[in-house]
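The values are calculated or read from the model by the stated rules, or taken from the named source; none is laboratory data. Since the model is a prediction, treat every value here as computed from it, not as a measurement. Virtual Cβ from ideal backbone geometry, glycine too; neighbours counted across all protein chains shown.
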Amino acid sequence: MNKLLITLIISILSLREGQAQPVMKLDDILSAVQSNHPSLKMYDADIRSMDEAAKGAKSWMPPELSTGFWMTPYNPSLWKKMADGTPGMGQYMISAQQMLPNKKEQEANARYMQAASAVSRESKQANLNGLYAAAKKSYYTWLITEKKIRVLDEDERLLNFMIQSTEIRYKNNLGKLNAYYKAKAALAGIENQRIMLQNEIRQQQIMLNTLMNRSKDMTFGIDTIYTIRDYQPADSSYLVQARSDLKAIDKNIQLTYLQQNLEQSKLKPQFGIRYDHMFGFGGLPMQYSLMAMVKLPIAAWSSKSYKANIESLTWKAESLKEQKQLVLNEATGQISGILAGLDNKKKQVSLYEEKIIPALQKNYQTMQLSYEQNTGELFELLDAWETLNMTQLEYLGQLQELLNMQVEMDKVLQQN
């Protein structure tokens, strides 16, 4: 009675645990990756950092203050007024200096700093596209593994039928044990495959938890519904509009030209003003000095570095343009290759679904009927099962390749 009660309690707890395990759809996983992955938060912080820095783009240079003795003799006795009324010598000076900002340089700097974060925004989306691809691939691997386990469940049922039927026949002197032990070995092999597949599911669960930035021990299930999509050829104009890595290169080119404009604005003169106030010693009257200043970076010896930077940025922009063409060329080539592969893979999967597997299932059913009517042998039934089982697993392998090709296509096109 106690054993029965304990077994009942364990069964109820196991049932509750199974019911409590959440089932996540692919969209739920992708949403969690977008919200929680640390690399995306890193990009957000980097973008915020550049946006905050851009707020100070139009700031002035700090004022310069100075104070001290001015044209003062080392002999303090000369500081005082003389007996004959001659004023003393030396002054105490307070000075202030301020460089006035070049408005064009300020505006160029503001445009440059405000545009800096745009590159990181597009790079973030490109990184997210890669994370989506990793999550989809892991999800589909899990999905196919679940289907393989279902095939093993059916295999186990069929093999148990063969083994039990053979044992009954042997006891009643209606059959021999030929292929009996082969069936027993196949049953043990199924259990071995099940262990490997369950480990594969656990590995994919850990991978998805990592991508979602969750505890690696969290358990959940997945929705095993999938969709085979149709794709159309994409040209360069579509890719330029869709792909964030190409947008990031475009933004980087724009940023390079803005930096070049900033360097050009530094070749313009910069003005400033200086005011000095002197307190005279020994009756010497107070004096002041008011002077304008100008920096002239247009001189050959001072403009060389600016001109070198401008030329360097011109070639940097050219390099980025070639990089963009390289990415476009690779992407269009990938699209053509994947489209051709998808078309062939869909045909293969359809052949398995519509012709190969149904024919082998009928072959197995025919052999099973013959075996049940004592007109067939166990080894013939076992051979039919092995062929069906191998073909079903081959089909699932082809289906996984098809889904992985879809993942690659989505990644190249940057589609979700």
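Can you pull out the residues in the range 57-86 that are among the polar types (S, T, N, Q) and farther than 30 Å from GLN270 by Cβ? Selection gives THR72, ASN75, SER77, THR86.
Looking at the structure I just gave you, is GLN260 under 30 Å from TYR306 (Cβ atoms) and part of a helix (DSSP H, G or I)?
Working: under 30 Å from TYR306 (Cβ atoms): yes; part of a helix (DSSP H, G or I): yes.
So GLN260 passes the test.
Cβ-Cβ contacts under 6 Å between residues 6 or more apart (or on different chains), taken from a first residue in the range 333-351 that is over 20 Å from TYR395 (Cα atoms) to a second residue that is of a type in the set (Gly, Ala, Ser), are listed as ILE335/ALA234. The set of residues from the range 24-65 being touching a strand residue (DSSP E or B) at 6+ places or on another chain (Cβ under 6 Å) and not aliphatic (A, V, I, L, M) comprises PRO63, GLU64.
Here ILE298 meets the list (1) modelled with pLDDT under 95; (2) of a type outside the set (Lys, Arg); (3) surrounded by fewer than 12 Cβ atoms within 10 Å (Cβ to Cβ); (4) part of a helix (DSSP H, G or I) almost entirely, failing just condition (4).
Could we say that LYS176 is outside any helix (DSSP H, G or I), at pLDDT below 90 and not β-branched (Val, Ile, Thr) here?
Yes: the conditions hold for LYS176.
State which residue is surrounded by the most Cβ atoms within 10 Å (Cβ to Cβ) when the search covers only the range 250-274 and only residues that are of a type in the set (S, T, N, Q) and closer than 30 Å to LEU65 by Cβ. Step by step, filter the range 250-274, then rank; the result is SER265.
Scanning the range 215-240 for residues that are in a helix (DSSP H, G or I) and either touching a strand residue (DSSP E or B) at 6+ places or on another chain (Cβ under 9 Å) or exposed (fewer than 10 other Cβ atoms within 10 Å of the Cβ) (or both) turns up just one, SER237.
I'd like to check something: does the range 367-378 contain any residue that is in a helix (DSSP H, G or I), surrounded by fewer than 16 Cβ atoms within 10 Å (Cβ to Cβ), modelled with pLDDT under 95 and not acidic (Asp, Glu)?
Checked the range 367-378: at least one residue is in a helix (DSSP H, G or I), surrounded by fewer than 16 Cβ atoms within 10 Å (Cβ to Cβ), modelled with pLDDT under 95 and not acidic (Asp, Glu).
Put simply, of GLU154, GLU146, GLU105, GLU122 the only residue that is without any contact (Cβ under 8 Å) to a residue 24 or more places away in the chain and acidic (Asp, Glu) is GLU154. All of (1) among the basic types (Lys, Arg); (2) within 30 Å of ALA126 (Cβ to Cβ); (3) surrounded by 12 or more Cβ atoms within 10 Å (Cβ to Cβ) hold for LYS81 with one exception: (2).
Scanning the range 91-107 for any residue that is among the small types (Gly, Ala, Ser) and farther than 15 Å from ALA54 by Cβ turns up at least one such residue.
Test LYS137 against the criterion of being surrounded by fewer than 17 Cβ atoms within 10 Å (Cβ to Cβ) and either in contact with a Cys (Cβ under 7 Å, 6 or more places away or on another chain) or over 27 Å from MET278 (Cα atoms) (or both), and give yes or no. No; evaluated as a whole, the condition is false for this residue.
Determine, yes or no, whether PRO73 is outside any helix (DSSP H, G or I), surrounded by fewer than 10 Cβ atoms within 10 Å (Cβ to Cβ) and not small (Gly, Ala, Ser).
No, not satisfied.
If I filter the range 54-68 for residues that are assigned to a helix (DSSP H, G or I) and surrounded by fewer than 17 Cβ atoms within 10 Å (Cβ to Cβ), do I get at least one hit? No, that holds for no residue. Annotation for the range 202-212: at least one member residue is touching a residue at least 12 places away in the same chain (Cβ under 8 Å), within 23 Å of the chain's Cα centre (by Cα) and part of a loop (DSSP other than H, G, I, E, B). From LEU284, LEU296, LEU339, grab the single residue that is of a type outside the set (Gly, Ala, Ser) and under 31 Å from the mean Cα position of the chain (by Cα). Exactly one of LEU284, LEU296, LEU339 is of a type outside the set (Gly, Ala, Ser) and under 31 Å from the mean Cα position of the chain (by Cα), namely LEU339. Given the criteria crowded, with 17+ Cβ neighbours inside 10 Å and hydrophobic (A, V, I, L, M, F, W, C), does LEU290 qualify? Spelling it out, it is not the case that LEU290 is crowded, with 17+ Cβ neighbours inside 10 Å and hydrophobic (A, V, I, L, M, F, W, C).
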